[in-house]
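Structure first, commentary second.
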Amino acid sequence: MQEMPAVVIKDKIFLEHDPGFGHPESPQRLQAIYKRIEEEDVNQIYRVARPRPATKQELCWNHSRTYVERIARTAGLLHYQLDPDTATSEKSWEAARFAVGGVFEALDSIFSGKSSGGFALIRPPGHHAEIDHAMGFCLFNNVALGAHYCLRRLGCKRVMIVDWDLHHGNGTQHSFYEEDSVLYFSTHQYPYYPGTGAADECGEGRGEGFTVNCPMSIGAGDREFAAVYNRLLAPVAEEYRPEAILCSAGFDIYWHDPLGGMQVTINGFSFLSSKLLGLARKLCGGRLLFCLEGGYDLAGLGEGVAAVLRVMGRKEQKKEKSVIGELEKSDVSTKGLDSALSIQKRYWRSLV
């Protein structure tokens, strides 16, 4: 039986969020992606689904009612500054609700068997958004709310969130820091904004051991990230056995990103997505959803997303397949990986 295509969430509403002139998190980011995925090498791999707006009640699964109402009151305002980095425009409230609802729509498609996986190409991004405040360009925590949706509506008991964005997802980590129903795994440039994500941040109470941070030094590239996924992520995922995997896919680890200091190439994104897809197929019936986070080099964004989609559609180019095979063997040691392994061995038998 032929495999169903991946689902992609895209909509012009996400172009209506405008944090201001010169802001790096601009509508042009999505315009570049939307244009790139119309090209021949990927445009037959996926089907497009339209988002629905998340309700206020759904937003309150992860955010305080006071905060949700605060964002709602920005509707129609030309500009409202939430923090030094984060602002809204007239339709930001609407775009943010549809971003969360787009994640829900993609998950419904994946869990119903209509799609083999998915990519929510949405904005504003989400992984910095805290329970009661915006930060780091983010309004609502799209991926955290997606995990809540899996738990509350789709019958999951265990969900894994993997975050490869350049910046640590403080909001996502805090959302589940005392819970064991969601395992949060993050690689990120450290020390860097927002200042969280040390290797010894492992969760508390019932959630102790279910936060896995692997801080990365400036200059880490394909081989270093591959080693983390081979030596740390894969064993933990196989032991945890999630029923769905959500990925905060930030393309600011790309070697040419203006806000980053990493050296990941497009082939590196092919490997990262291939590794996650392999784990999803092995552990949870292929239930894997990528959610767009950062990434500020337009060419890197478009090509990075295209690489992920090719992997999802099993349409990797010959060179991509070769690099993926080579990176599967990567076991290089780095200070961050060694530290994370040493700490996480307390919680995961597969690492001993």
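General remarks:
- Some residue of segment 315-326 being within 19 Å of L121 (Cα to Cα) and outside any loop (DSSP other than H, G, I, E, B): no
- Selection within segment 311-352: residues that are buried (at least 16 other Cβ atoms within 10 Å of the Cβ) and β-branched (V, I, T). The member of this set that is nearest to M4 (Cα to Cα) is V311.
- Total residues in segment 270-310, condition buried (at least 24 other Cβ atoms within 10 Å of the Cβ), outside any helix (DSSP H, G or I) and of a type in the set (F, W, Y): 1
- Total residues in segment 111-147 satisfying the condition of being more than 22 Å from A6 (Cα to Cα) and outside any loop (DSSP other than H, G, I, E, B): the figure is 2.
- Segment 230-259 residues that are free of Cβ contacts under 8 Å to residues at least 60 places away in the same chain, paired with ones that are surrounded by fewer than 18 Cβ atoms within 10 Å (Cβ to Cβ) and not in a helix (DSSP H, G or I) (beta carbon under 8 Å, 6 or more apart): W255/G221
- For the residues R47, R70, R52, the requirement of being within 29 Å of G285 (Cα to Cα) and out of contact with any helix residue (DSSP H, G or I) (no Cβ under 8 Å at 6 or more places or on another chain) singles out R47.
- The helices (runs of 4 or more DSSP H) falling completely within segment 5-98 that include 2 or more residues that are of a type in the set (V, I, T) map to 65-72.
- Whichever residue in segment 327-352 is part of a loop (DSSP other than H, G, I, E, B) and among the small types (G, A, S) and, among such residues, is nearest to C214 (Cα to Cα): S333
Values in this text are rule-based calculations from the coordinates and carry no lab data. As the structure is a computational prediction, the values presented were derived from the model and not from experiment. Cβ: placed from backbone, ideal geometry, glycine included. Neighbour counts: every protein chain shown.
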